[in-house]
Amino acid sequence: MSFSFLKEADSELYNILMREVSREHDTLELIASENFVSYPVLEMAGGVMTNKYAEGYPGKRYYGGCEFVDEAENLARDRAKKLFGADYANVQPHSGSQANMAALMTFANVGDTVMGLDLAHGGHLTHGSPVNFSGQLYNIVSYQVLKETGRVDLDAVRDLAKKNNPKVIICGGSAYPRHIEFEAFRSIADEVGAFLMADIAHPSGLVATGLHPSPMPYCDVVTTTTHKTLRGPRGGMIMMGNDKDNPWGKVAPKSGRVKQLSELIDSMVMPGIQGGPLMHIIAAKAVAFGEALKPDFKVYTQQIIDNAQTLAQELLAKEYNLVSGGTDTHLVLIDLSNKDITGKAAEKALEKAGITVNKNMVPFDNRSPFITSGIRVGTPAITTRGMGIDQMKIIVQLIDDVINDAENEDVLNRVKGDVLELCKMFPLYDRFQS
Ligand SMILES: *Cc1c(COP(=O)(O)O)cnc(C)c1O
């Protein structure tokens, strides 16, 4: 893969692409939501299926010429179902946010009450932020984590649910280092007659390999991204453990038969909120799901967790405060309040030293989302490069060097050199190097 056509036709964009190839190679990618896809996934995502219009679903398209994209989408659905033990999968959402939009709009009407984890406590924008569609269409009641444990305050969730009678309760988040408590949420949802939606965008790769509990037995609907721990192309997906008659008794237009929930979700994705599906990305999802079904992928996800737990232990030994005191997953949320540096300043200094993280609010943060008191670090991407326990120890030392002397250019440059040495030992996309 040399990108010879691009190089010849548009050297300006070719050079931008090559600079991104180098950046990904030369830096330590610790953003918890990022990963590096395989060459086969890239080939499919960069392939000719980008040309195809295929509004509708396999066998029921509004366009001709869909026989091969149908095969690809069927495989994506079948592999997703196998991977997660699901009875139903819709692989068309363009992103995790669109998966959430379609799921919420299926289960709740505009104005209904929806509960989700507070953004400042690890939730996602689509779980009720006032600047997002979720906060604008629904009456949002946010729940939080307990200050002492950093874990969801389930008693408070129950009280809030009883008081507010939500139509939907969303569990899961973007900066939650612990297992999502599907079973406990189910009993709360049952007590108040709410639908339970799990958003496993972050841990889905761990769920797929059984290293994180499965939401399927407990949740009415499950959404995920495909590009985080699942290591596929950028996109979203909606699943259900089992497909039931819809509780509203909505009838299929022609047959007069009560529609299944799956039919309602399918029609909320398209035509509800999307038009033509991204067939190249759906086919690339199928490729990634095929990879995730192989035994190697479980070895990979176990290493992600081992690496995150090593990061956590090493950070604790250097007196860093971690939200919830550690991690069960691929991510660690560091509270820098005792370190005399803001999340924003830490992110910036680390970036100068070749280490990419994101600033993040910590629960009960007294700084704004633009400054924050924390950083979030994750291991999926560096684990994909092949890094293990020994490298985690080195990385924590490098992070600590930067945090303790964030304005010292000499330190930042020295760390940057060490980062580069480490990266060279774990090559990434070397077939793309110009
Ligand atoms: C990343 C994420 C999403 C949204 O994914 P996009 O593809 O960026 O829209 C949704 N929910 C959670 C919990 C996430 O972490």
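State whether one or more residues within the stretch 168-179 are in contact with a helix residue (DSSP H, G or I) (Cβ under 8 Å, 6 or more places away or on another chain), open to solvent by 30 Å² or more (accessible area, probe 1.4 Å) and within 16 Å of the ligand (Cβ to nearest atom).
Within the stretch 168-179 (the criterion being in contact with a helix residue (DSSP H, G or I) (Cβ under 8 Å, 6 or more places away or on another chain), open to solvent by 30 Å² or more (accessible area, probe 1.4 Å) and within 16 Å of the ligand (Cβ to nearest atom)), the answer is no, since none of the residues qualifies.
What are the residue pairs meeting all of these: first residue in the stretch 72-84, first residue over 20 Å from Tyr218 (Cβ atoms), second residue not in a helix (DSSP H, G or I), Cβ atoms under 7 Å, and 6 or more apart or on different chains?
Glu73/Pro58; Glu73/Val91; Asn74/Pro58; Ala76/Val91; Arg77/Ala89; Arg77/Val91; Arg79/Leu293
Has the stretch 257-276 got any residue that is polar (S, T, N, Q) and not assigned by TED's automatic domain parsing to the domain that holds Ala89?
No: zero hits.
Criterion first (within 11 Å of the ligand (Cβ to nearest atom) and within 20 Å of the chain's Cα centre (by Cα)) does Gly122 satisfy it?
yes
Under the condition of being open to solvent by 10 Å² or more (accessible area, probe 1.4 Å) and out of contact with any Asp or Glu (no Cβ under 7 Å at 6 or more places or on another chain), which residue from the stretch 234-245 is modelled with the highest pLDDT? Explain how you work it out, then say what you get.
As a first pass, look at the stretch 234-245 and keep what is open to solvent by 10 Å² or more (accessible area, probe 1.4 Å): 234, 241-245.
Subsequent filtering for residues that are out of contact with any Asp or Glu (no Cβ under 7 Å at 6 or more places or on another chain) retains 234, 244-245.
Working: Arg234: 98, Lys244: 89, Asp245: 88.
Looking at the filtered set, the residue picked out is Arg234.
Under 9 Å between Cβ atoms, at least 6 apart or on separate chains: pull out the pairs that start in the stretch 408-424 with a residue that is among the polar types (S, T, N, Q) and end on any residue that is open to solvent by 10 Å² or more (accessible area, probe 1.4 Å) and part of a helix (DSSP H, G or I).
Asn413/Lys352
Of the residues in the stretch 135-164, how many are open to solvent by 20 Å² or more (accessible area, probe 1.4 Å), over 18 Å from Ala120 (Cβ atoms) and over 24 Å from the mean Cα position of the chain (by Cα)?
Here the count works out to 7.
Failed condition for Met197, given (1) touching a residue at least 60 places away in the same chain (Cβ under 8 Å); (2) open to solvent by 20 Å² or more (accessible area, probe 1.4 Å); (3) in contact with an Asp or Glu (Cβ under 7 Å, 6 or more places away or on another chain), with all others met?
(2)
Run down Thr126, Thr113 and say which single residue is open to solvent by less than 40 Å² (accessible area, probe 1.4 Å), over 23 Å from Pro271 (Cα atoms) and touching a Phe, Trp or Tyr at 6+ places or on another chain (Cβ under 9 Å).
Checking each option against the conditions leaves just Thr113.
Quick check on my filter: what residues within the stretch 90-99 are within 12 Å of the ligand (Cβ to nearest atom), buried (at least 23 other Cβ atoms within 10 Å of the Cβ) and not in a helix (DSSP H, G or I)? Let's see the steps before the verdict.
Restricting attention to the stretch 90-99, the residues satisfying the condition of being within 12 Å of the ligand (Cβ to nearest atom) are 93-99.
The next check asks that each one be buried (at least 23 other Cβ atoms within 10 Å of the Cβ); those that pass are 93, 96, 99.
Pro93, the sole residue that qualifies.
Given the options Gly256, Gly232, name the one that is more than 16 Å from the ligand (Cβ to nearest atom) and assigned to a loop (DSSP other than H, G, I, E, B).
Residue meeting the stated conditions: Gly256.
Can you pull out every residue in the stretch 357-377 that is of a type in the set (Val, Ile, Thr) and more than 20 Å from Ser142 (Cα to Cα)?
Going through the stretch 357-377, the residues of a type in the set (Val, Ile, Thr) turn out to be 357, 362, 371-372, 375, 377.
Residues satisfying the conditions are Val357, Ile371, Ile375, Val377.
Glu34 is checked against (1) within 16 Å of the ligand (Cβ to nearest atom); (2) open to solvent by less than 40 Å² (accessible area, probe 1.4 Å) and fails just one. What number does that condition carry?
Of the numbered conditions (1) within 16 Å of the ligand (Cβ to nearest atom); (2) open to solvent by less than 40 Å² (accessible area, probe 1.4 Å), the odd one out for Glu34 is (2).
The values are calculated or read from the model by the stated rules, or taken from the named source; none is laboratory data. All values derive from a computational prediction rather than experimental measurement. Cβ atoms come from the backbone with ideal geometry, glycine included; neighbour counts cover every protein chain shown. Ligands, DNA and RNA are stripped out before the accessible areas are found, and what is left, the full protein with its side chains, is counted by its heavy atoms. Shrake-Rupley method; radii C 1.70, N 1.55, O 1.52, S 1.80 Å.
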